[in-house]
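Below is one structure, written out as structure tokens; the observations come after it.
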Amino acid sequence: MKKFRKYEFGSKSAASAKINALGTDDEGEATHDHAIVRLGNIATTPATYDSDGNVLSEAVISDNYHVDVFWDGEPDESWDAQMVWCKPMGVHHFGSASAAQEWSAVCKALHPEYFPETNNTEEPQ
């Protein structure tokens, strides 16, 4: 079963070292079947604009380098220290519906505060 996970590293070089440790050939091509997307330093707070498109506040960019992995099988446990959970899916996601559901279920178990319960007791008007 394929599994989707999100990670952050202190630098691009730290992320590259971890990715390369998964296996590369003599030409630097991956020798594994995991799908990896290097997101880089993402905006943690988006910029804001006025109605004319002028910047009111600049985006806040993360100091950390972000990587998403669609693991072919179980996630590599040596990556666990860099794993992050965001609400609900972050700036990027990919993979099958079952992989997204598995990610959401694990995230909800670890961070229920990201999934507030709704109160649907009011009658519709």
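Kindly indicate the residue of the range 103-125 that is surrounded by 10 or more Cβ atoms within 10 Å (Cβ to Cβ) and in a loop (DSSP other than H, G, I, E, B) and also modelled with the lowest pLDDT among those meeting that condition.
The residue in question is 115.
Name every residue in the range 1-44 that is closer than 19 Å to residue 86 by Cα and of a type in the set (Val, Ile, Thr), in order of residue number.
36, 37, 42, 44
The values are calculated or read from the model by the stated rules, or taken from the named source; none is laboratory data. Keep in mind that this is a model prediction, so the values were computed, not measured. Positions of Cβ are backbone-derived with ideal geometry, glycine not excepted, and every protein chain shown enters the neighbour counts.
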